[in-house]
1. Determine the per residue accessible area of the chain with all protein chains present and a 1.4 angstrom probe, expressed in square angstrom.
2. Under a crude label model (7 Å from the Cα following the beta-carbon direction), how far is E20 from L35 in nanometres?
3. Only helical DSSP H runs with n ≥ 4 go in: add -39500 (n - 2.57) per run for the chain, normalise by residue count and round the 222 nm mean residue ellipticity to 500 deg cm²/dmol.
4. For Y100, what residues show an amide H to amide H distance below 5 Å, using hydrogens built from the backbone and excluding near sequence neighbours?
5. May I ask you to give the percent of accessible area on the stretch 1-121 that is carbon plus sulfur, with a probe radius of 1.4 Å?
6. Can you give the Rg to Rh ratio of the stretch 1-56, both from alpha-carbon atoms, with Rh computed by the Kirkwood formula?
7. Only bridges whose two residues both fall in the chain count here: according to DSSP, what percent of them are antiparallel, nearest 5?
8. Under 1.5 on a/c is rounded, so check that first for the stretch 1-98, then, if it is not, pick prolate when a/b is larger than b/c and oblate when it is not; a ≥ b ≥ c are the square roots of the alpha carbon gyration tensor eigenvalues.
Amino acid sequence: MNEDKKWMNLALEQARKAEEQGEVPVGAILIKDGLIIAKAHNQPISKNDATAHAEIQLLRAAGKKLENYRITDTTLYVTLEPCAMCFGAIIHARVGRIVYGAYDLKTGVCGSCTDFRSLSCFKHQVSITGGILQKECSDILHKFFKLRR
């Protein structure tokens, strides 16, 4: 659990970068064998790309670095529960574990809004841990949206 908190704090740093750029503050990092493989944050607004969520950006960077679209034996830390698009990409990349911070009751597919783990259409199974540094991850999002309303 302490390792998860350590890595989630680094994902929060990425979320702060997104916030500084006017993006929804979601950050992600990918760990393999105790090392950071890639870091990313939300960029849909700045890139004019609806698919530029933190997780997708992360998988793209990791694939380039590892020279493989299969990113096995890794743990993906993300500050917000993945949406359907991101979960699908994570499954296709064969990530071993997802650790997320804030629960997303509107679009989260790891148990909050719905649970894609129970779908039989996915061959790959991923381990999921939610709620790591949940308050910190939720607070940055709430603050961001409060300022925009």
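The values are calculated or read from the model by the stated rules, or taken from the named source; none is laboratory data. Treat the numbers as computed from the prediction; the structure is a model and nothing was measured. Methodologically, a virtual Cβ is constructed for each residue, glycine included, from the backbone with ideal geometry; neighbour enumeration extends over all protein chains shown. Just so you know, the surface numbers come from the protein's heavy atoms only, side chains and all, with ligands and any DNA or RNA stripped out. Shrake-Rupley method; radii C 1.70, N 1.55, O 1.52, S 1.80 Å.
1. 53 Å²
2. Taking the simple label geometry, E20 and L35 are separated by 2.6 nm.
3. On the way: 5 runs with 61 residues, N = 149.
Counting only the DSSP helices, I get -13000 deg cm²/dmol.
4. Correct list: V78, T129, G130, G131, I132.
5. Carbon plus sulfur share of accessible area: 51 percent.
6. Using Cα coordinates only, the ratio equals 1.02.
7. Numbers: 11 of 19 bridges.
Antiparallel: roughly 60 percent of the beta bridges in the chain.
8. Note, shape of the stretch 1-98 comes out oblate.
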